[in-house]
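K.L.:
One structure is given below, represented as structure tokens, and several questions about it will come after.
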Amino acid sequence: MKDLDTTAHHVEQLRLELKEALQLDLDDYGLAEQSTGEFNSTFLGVRLNSAFQPIYDIQAGDLFGHEALLRPSLGGELSSTPEFAFTYAEQAGKLVPFDRVSRTLHVLNFRQIYAENGLLFLNVHPKLLIAVNAHGKVFEKILHSNSVPTDRVVIEIQEGLIEQEKQLTEAIDNYRERGYRIAIDRFGSTQSHIDRLWKFAPDFVKLDLNLIQKAEQNDRIRKILPGLIKMIKDLGAQPIITGIETQIQLDIAIESGSSLVQGYFLAKPVTANELQPAKLFKTSVGNPHIKSAA
């Protein structure tokens with residue numbers, strides 16, 4: 001009974017802290033702590049859970065960070081997509097608080113793996129970047145209340161979906177002033193603007209997942225990839241090759257000169273409670289590679 005009372009008090013205290021920081025009533029979002037110690041939320045019938053996919057440094061042979069991913073479901077049973085959930089929230093006029101609650105949920109669940117090495121990569125909905133001011137200010141309160149410094153958080157931005165360059169520049173500057181790191185996401189897609197690499201000077205550039213998959217099938221793309229990786233590094237950013245699903249794709253990523261990698265071949269997105277330590281193995285040339293523990 002004492003443990004139940006302690007847990008209830010902890011959750012209630014958390015609700016009060018988040019209500020003050022987020023400026024919204026979390027009862028509307030059904031924030032709840034599960035028996036596993038993880039949190040989920042319910043928004044207008046949509047159940048929200050966090051999943052985390054590791055990002056590895058293959059040169060160091062170590063974990064580099066985790067990308068937090070939203071896993072919504074209808075009624076807690078029928079799986080849905082983040083795109084559906086955000087569209088649903090937007091149509092309900094709740095996009096801003098929904099985005100804040102989603103990222104807060106990730107931070108609360110990230111605490112279970114906080115002692116691990118690395119950074120927390122978080123996506124921000126493109127419309128939020130041009131719809132609000134003082135980017136990162138409210139979220140900074142959430143991080144501080146959970147003892148997560150802003151410099152351990154990487155804000156992922158799909159710049160190709162945002163045409164308003166002035167607002168995008170202001171948003172990036174606001175995040176940087178508060179200590180967040182910046183990642184350009186899905187670079188290399190048809191919507192990407194290459195000039196934004198030197199305009200925004202991101203800390204990380206995550207390549208579109210289709211690039212590595214096309215490189216496996218197309219020798220021309222495979223030959224071009226090392227030059228793209230070098231250009232990103234020359235601009236002072238760290239490239240991350242995403243979407244790795246086969247051993248061949250991992251080999252191509254290594255040959256390209258990128259040390260940061262992410263993909264289902266290495267590890268699938270799972271809850272913080274399900275994450276397992278990465279297993280390392282050596283290749284014949286002595287370079288450390290990551291082997292999925294999933």
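The values are calculated or read from the model by the stated rules, or taken from the named source; none is laboratory data. Note that the coordinates shown come from a computational prediction; the quantities given were computed from them, not determined experimentally. Here the Cβ is made from the backbone with ideal geometry for all residues, glycine too, and neighbour counts use every protein chain on show.
K.L.:
Among the residues in region 33-50, are any under 30 Å from Ala253 (Cβ atoms) and at pLDDT 65 or above?
P.N.:
Looking through region 33-50, at least one residue is under 30 Å from Ala253 (Cβ atoms) and at pLDDT 65 or above.
K.L.:
Can you tell me which residue within region 51-77, out of those that are of a type in the set (A, V, I, L, M) and surrounded by fewer than 15 Cβ atoms within 10 Å (Cβ to Cβ), is modelled with the highest pLDDT?
P.N.:
Ala60
K.L.:
All but one of (1) surrounded by fewer than 20 Cβ atoms within 10 Å (Cβ to Cβ); (2) farther than 21 Å from Gly30 by Cβ; (3) in contact with a Gly (Cβ under 8 Å, 6 or more places away or on another chain) hold for Gln112, so report the exception by its number.
P.N.:
Gln112 satisfies all of (1) surrounded by fewer than 20 Cβ atoms within 10 Å (Cβ to Cβ); (2) farther than 21 Å from Gly30 by Cβ; (3) in contact with a Gly (Cβ under 8 Å, 6 or more places away or on another chain) except (2).
K.L.:
Can Asn273 be described as modelled with pLDDT of 90 or more, outside any loop (DSSP other than H, G, I, E, B) and surrounded by fewer than 17 Cβ atoms within 10 Å (Cβ to Cβ)?
P.N.:
no
K.L.:
Could you figure out which of (1) under 28 Å from Leu266 (Cβ atoms); (2) more than 17 Å from the chain's Cα centre (by Cα) isn't true of Leu44?
P.N.:
(1)
K.L.:
Looking at Ala21, Ala92, Ala8, which one is surrounded by fewer than 20 Cβ atoms within 10 Å (Cβ to Cβ) and at pLDDT 85 or above?
P.N.:
That would be Ala92, the only listed residue that is surrounded by fewer than 20 Cβ atoms within 10 Å (Cβ to Cβ) and at pLDDT 85 or above.
K.L.:
Any residue that is closer than 19 Å to Ala272 by Cβ and in a helix (DSSP H, G or I) - is there at least one of those in region 73-94?
P.N.:
yes
K.L.:
Which of the numbered conditions does Ala92 fail, given that it passes all the others? Conditions: (1) touching a Gly at 6+ places or on another chain (Cβ under 6 Å); (2) more than 21 Å from Arg186 (Cβ to Cβ); (3) not charged (D, E, K, R).
P.N.:
Answer for Ala92: the failing condition is (1).
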